[in-house]
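The values are calculated or read from the model by the stated rules, or taken from the named source; none is laboratory data. What you see is a predicted model, and the numbers here were worked out from it, not measured in a lab. Positions of Cβ are generated from backbone atoms using ideal geometry, with glycine treated the same way; all protein chains shown enter the neighbour counts. Remember, those area values only see protein heavy atoms, side chains included, never the ligands or the DNA or RNA. Shrake-Rupley method; radii C 1.70, N 1.55, O 1.52, S 1.80 Å.
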Amino acid sequence: LLLILSGLIFIVLVMLYRRYHSTSIIKFLILNAIKQNHLVPYYQPIIDAEKRLICGYEVLIRWETKKGKVILPDEFIPQCETNGVITPLTFQLINTVARDIRKLEMQAGKTLPYYFSINISANVLQDPELIDITRSALAHYNIAPHNLAFELTERAPIDNIEQAEQNCIKLNAMGIQIKLDDVGNGYCDFLALQKLQATTIKIDKVFIDDIDSLAASSIVKSLVAFAEKAEVEVIAEGVETEQQAKILTELGIRYHQGFLYSKPVPFSKLARDKNFNV
Ligand code: C2E
Ligand code: CA
Ligand code: CA
Ligand code: CA
């Protein structure tokens, strides 16, 4: 019995060690990648399908390794959210995006009519520092607040809802738009929209994938009706085909995002994009 017991204790210790060790290695690697500017924003346009114009871009992070490999966010963002690295990562991203906006404005010789929408995880939304970081990035690069937007995912629950609300009220007062991401999957009601000062909901790709099915289109229809009552805009994500775009437009969804229009592109491509010359 003693032998089995000590064997079990040994296994548990090894598991704990490996777990602790692997998370700290990942943390180390990501912190290092942040320092070396290997975490870079890619930009995917959001289209006003009615006017056939770009109205904004979503900022999607990529990890570009030294060897030229590109690692997608699903492979490291969830870890960053559990080990706290998401906060320095997002704060740096806000500055990088502000700098990129500045560069585009210099190049265009005028202020931009678009917004750049940054994904904000629950832990970051609850961080009181978010406001100061954002405010100083805007001031430092001389960017108008309407050029920045934040999208809040429902993936992780917000535990300090009061602090999150306070931040959203301040962001709203500053003129930064707030969008609720991945709607349809989780918790989105009138109260959440109001509390978080959201002006837009983004309908998750899973519903757009199946938009020609009765089930998905009924859900999308009810989300559109809800948005109308709540007086918020609707963006459909993951639009891949003309057929989907057509159905979405018929359902009254004006703003589209997806591979049909463009994949996320790095800044160098964005700066050269002819669509950019407004
Ligand atoms: P998301 O916020 O739902 O972003 C949309 C995802 O759908 C992106 O994946 C985008 O590349 C992809 N997508 C857009 N249009 C299409 C399409 O037509 N077809 C297909 N198949 N995919 C499409 P990506 O870039 O891999 O990002 C995955 C998730 O990682 C994002 O999902 C977001 O939750 C998270 N993420 C990305 N960047 C950041 C960030 O800076 N901070 C935080 N907290 N999360 C981020
Ligand atoms: Ca998003
Ligand atoms: Ca989304
Ligand atoms: Ca999604």
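Observations on the model:
- Reported count of residues in the range 225-263, each being within 12 Å of ligand 1 (Cβ to nearest atom) and among the charged types (D, E, K, R), is 3.
- Given (1) assigned to a helix (DSSP H, G or I); (2) modelled with pLDDT of 95 or more, number of the condition W63 does not satisfy: (1)
- Taking the criterion of being aliphatic (A, V, I, L, M), under 26 Å from P157 (Cβ atoms) and either over 13 Å from the mean Cα position of the chain (by Cα) or within 7 Å of ligand 1 (Cβ to nearest atom) (or both), the residues of the range 111-123 that qualify are I118, I120.
Listed here are the residues, each with its yes/no results for (1) buried (at least 16 other Cβ atoms within 10 Å of the Cβ); (2) in contact with an Asp or Glu (Cβ under 9 Å, 6 or more places away or on another chain); (3) part of a helix (DSSP H, G or I).
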| position | (1), (2), (3) |
| --- | --- |
| S136 | no, no, yes |
| L193 | yes, no, yes |
| I208 | yes, yes, yes |
| I211 | yes, no, no |
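- Checking the range 7-22 against the condition returns no match, with no residue being closer than 26 Å to D159 by Cα, open to solvent by 50 Å² or more (accessible area, probe 1.4 Å) and in contact (Cβ under 8 Å) with a residue 12 or more places away in the chain.
- Residue in the range 191-205 that is of a type in the set (G, A, S) and over 19 Å from L260 (Cβ atoms) present: yes
- Of residues in the range 39-67 being of a type outside the set (V, I, T), farther than 18 Å from I118 by Cβ and open to solvent by less than 40 Å² (accessible area, probe 1.4 Å), the one farthest from ligand 1 (Cβ to nearest atom): D48
- Cβ pairs under 8 Å, 6+ apart, first in the range 113-139 and closer than 13 Å to L171 by Cβ and touching a residue at least 12 places away in the same chain (Cβ under 8 Å), second among the acidic types (D, E) and within 15 Å of ligand 3 (Cβ to nearest atom): S117/E58; S117/E151; I118/E151; I120/E151
- Taken over the range 106-124, residues that are in a helix (DSSP H, G or I) and either open to solvent by 70 Å² or more (accessible area, probe 1.4 Å) or modelled with pLDDT under 95 (or both) amount to 5.
- Of the residues making up the range 162-182, at least one is modelled with pLDDT under 95, open to solvent by 30 Å² or more (accessible area, probe 1.4 Å), within 16 Å of ligand 4 (Cβ to nearest atom) and not in a helix (DSSP H, G or I).
- Flag for F150 being touching a strand residue (DSSP E or B) at 6+ places or on another chain (Cβ under 7 Å), within 16 Å of ligand 2 (Cβ to nearest atom) and of a type outside the set (D, E): yes
- Per-region count, the range 146-160, residues assigned to a helix (DSSP H, G or I) and either buried (at least 17 other Cβ atoms within 10 Å of the Cβ) or in contact with a Lys or Arg (Cβ under 7 Å, 6 or more places away or on another chain) (or both): 1
- Applying the criterion of being charged (D, E, K, R) and farther than 16 Å from R135 by Cα to the residues of the range 68-99, the residue that is least open to solvent (accessible area, probe 1.4 Å) is E81.
- Annotation note: Cβ proximity below 7 Å between a residue of the range 77-89 that is farther than 15 Å from L60 by Cα and a residue that is more than 12 Å from ligand 1 (Cβ to nearest atom) and of a type in the set (D, E, K, R) (sequence gap 6+ or interchain) occurs for N83/K27; V85/K27; T87/D127.
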